[in-house]
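The values are calculated or read from the model by the stated rules, or taken from the named source; none is laboratory data. Note that the structure is predicted; figures quoted are calculated from it, not measured. Virtual Cβ from ideal backbone geometry, glycine too; neighbours counted across all protein chains shown. Just the protein is used for accessible areas: all its heavy atoms, side chains included, with ligands, DNA and RNA removed. Shrake-Rupley method; radii C 1.70, N 1.55, O 1.52, S 1.80 Å.
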Amino acid sequence: MAQKKSSQKVNANKKLVITSIDNKEKRLTALSDEIWAYAEVAFQETKSSKALADYAESQGFKVERGVAKIPTAFVATYGSGKPVIGVLGEFDALPGISQKAQPTKEAYQVGAAGQGCGHNLFGVGSLAAAISIKELIEQGKLKGTIKFFGTPAEESGNGKVYMADAGVFNDLDLCFDWHPGTKTEASTQSSTAVVEYNIEFFGKAAHAAGDPWNGRSALDGLELFTDGINMLREHIRPSSRMHYVIQNGGDVPNVVPEYAKAWIWIRDSKRAEMDRIVERMKDIANGAALMAGVEVKATLLSGTYEILVNRTGAEYMHKNLQSLGAIQFTEDEHNFAKAIQRATGVAEDGLIGEIGELRETSDITGGGSTDTGDVSWIVPTIRMTATTGAVNAPWHSWAEVACAGMSIGHKGMMHAAKAIGMTIVDAFENEKLRTDAKAEFDEKRKGHVYKAYLSDGPPPIKSGK
Ligand SMILES: [Zn+2]
């Protein structure tokens, strides 16, 4: 299982990054465990955001809180002038999956949320990388600006889209990001673009048996709409996905429903294709309303872009991961993972600590979405994943909450912090990385000017979807 570290030389500044992060291990894991225990959901991450922002401030960063009209969004800045390098950090949890840091299913707090995506590690790991760079700037070893972005509501609500719309990423030369996972590798894969709409139908109420001719059924409109969407499925690309729920279909059968509402998500691996489906979806809504003799309103809620992969940056990240070598998990940690794998009925493969290959960027068909996609269309974004959980076991579940609250998660976080810090050193020291990454970004973006998928009005801070 042992994987040899690459013979590549780790330069002095990168060694200082590693030392800085190692020296803070106790503080970093304590902060991560604190946010793990808070387990606050989207837009309500008051304590988690404060813990990260306070720590950044204590380390000498200038912290601007409540950016983009989101109380839990913040930007921590150190240094001045070019280059300006950013790191993203998430911290929101998922509702209903509270779990103790143990390999058998048992809630930490019954009914509460849990860190089933490891965002407690994500936020702290990224901040640790930013702090290590701040120290190098402070010592005069690097010149420029480092920014840490506290980005709330990734799981629901797309906090980064509001931040992107407010322009907080506009002055960056490069941006960094990682995500907890079951592998450790530089990220070379995209995500799906997604857009969410409310579709509402407005009819006329009447007695469904007494005078139905006076009624116009909003539910008829909605049913014709979903019929149309389901017929459209035959004529979309394999890369597209559509899913909806009916949120209101009337109250009682003896009243012709005057109001009906569906919530629909449309995805594609390419935003442009998704936009074409949205136009067809609107035609279907209008056609359905015409047939039912009712009115319809389509309201954009929010959406995210697909990740614009930056392979130039990923190659640097990969080299740094190779020089760090595999994450060394102990026998106990493998056994912890195997117990989870047994409990969730998947292959008992333990943990993958080895560094993965730099994979070809594939045309993905389906899969999840992330609001980091929006950032990646504004600034070249370099990403990685680190092992913080048991391979094969269900993600967004108690299995990852358990690992994110103990040494498996901590080790992945420390590794990510170091690899990101080292690659940021490359970004400061090596102008060629910045210009090559930008050239790739410009070529792939093809002149597209970023525009956020957002409804009018402020972020839905209280609603929680
Ligand atoms: Zn996540």
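Taken about its Cα centre, region 255-396 carries a charge dipole of roughly 360 debye when the Cβ of each Lys and Arg holds +1 and the Cβ of each Asp and Glu holds -1. Annotation for Thr344 and Asp227: the two label points, set 7 Å from Cα along the Cα-Cβ direction, are 4.2 nm apart. Taking label points 7 Å from Cα along the Cα-to-Cβ direction, Arg27 and Trp213 give a separation of 8.0 nm.
Accessible surface calculations at 1.4 Å, restricted to protein heavy atoms, place region 4-59 at 53 Å² per residue. Here the Kirkwood formula, the inverse mean of 1/r across different C-alpha pairs, assigns the chain a hydrodynamic radius of 23.3 Å.
Accessible surface area normalised per residue over region 196-332 is 49 Å², counting heavy atoms of protein chains with a 1.4 Å rolling probe. Note that region 86-139 presents 29 Å² accessible area per residue, ligands and nucleic acids not counted, probe 1.4 Å.
What angle do you read, to the nearest 10 degrees and between 0 and 90, between the alpha-carbon axis of helix 431-445 and the longest principal axis of the chain? Result, in degrees: 10.
Annotation: aspartates and glutamates with alpha-carbon distance below 15 angstrom to Lys105 (same-chain offsets under eight excluded): Glu400. Near Gly144, once Lys and Arg are set to +1 and Asp and Glu to -1 for all other residues with Cβ below 14 Å from its Cβ, the sum equals -1. Can you figure out the FRET efficiency of Lys105 with Lys451, using R₀ = 35 Å and their beta-carbon distance, to the nearest 0.05? Calculated transfer efficiency: 0.20.
A convex hull fitted to the Cα coordinates of region 117-161 yields 62 cubic angstrom per residue. Rounded to the nearest 500, the 222 nm mean residue ellipticity of the chain from helices alone is -12500 deg cm²/dmol, with -39,500 (n - 2.57) taken per DSSP H run of at least 4 residues.
Derived value for region 242-398: Kirkwood hydrodynamic radius 20.2 Å. Basis is the mean of 1/r over every pair of different alpha-carbon atoms. If you fit an axis through the alpha-carbon atoms of helix 218-232 and take the longest principal axis of the Cα set of the chain, what angle between them do you get, 0 to 90°, nearest 10? Compared with the principal axis, the helix lies near 60 degrees.
Given a cut-off of 19 Å, name the pairs among Lys15/Lys319; Lys14/Lys444; Lys26/Lys319; Lys147/Lys446 whose C-alpha atoms lie farther apart than that in the structure shown. Over 19 Å Cα-Cα: Lys14/Lys444; Lys26/Lys319; Lys147/Lys446. Helix 25-38 and the long axis of the chain differ in direction by around 20°, with both axes built from C-alpha atoms. A simple count of charges around Thr385, restricted to other residues whose Cβ falls under 12 Å of its Cβ and scoring Lys, Arg +1 and Asp, Glu -1, yields +1. Could you work out the percent of alpha carbon pairs in region 318-465 separated by over 26 Å, rounded to a whole number? Counting pairs separated by more than 26 Å, the tail of P(r) holds 45 percent. Annotation for region 392-465 versus region 95-115: alpha-carbon center distance of 25 Å. Taking 0.36 nm per residue of sequence separation and removing the Cα-Cα distance, the His243/Lys141 pair yields an extension gain of 31.6 nm. By accessible area, using a 1.4 Å probe on protein heavy atoms only, region 71-191 has 48% of its surface on carbon and sulfur. Computed over protein heavy atoms with a 1.4 Å probe, the carbon and sulfur contribution to the accessible area of region 198-336 reaches 51%. A simple charge model with +1 on the Cβ of Lys and Arg, -1 on the Cβ of Asp and Glu and nothing else charged puts the dipole of region 269-329 at about 140 debye relative to its Cα centre. The coefficient of translational diffusion for region 1-112, derived via Stokes-Einstein from the alpha carbon Kirkwood radius under 20 °C and 1.002 mPa s, stands at 126 µm²/s.
What is the distance in Å between the Cα centres of region 125-199 and region 204-243? Result: 40 Å between the Cα centres. Ignoring ligands, DNA and RNA, what percent of the accessible area of region 385-431 is carbon or sulfur (1.4 Å)? Ligands and nucleic acids excluded, carbon and sulfur give 51 percent.
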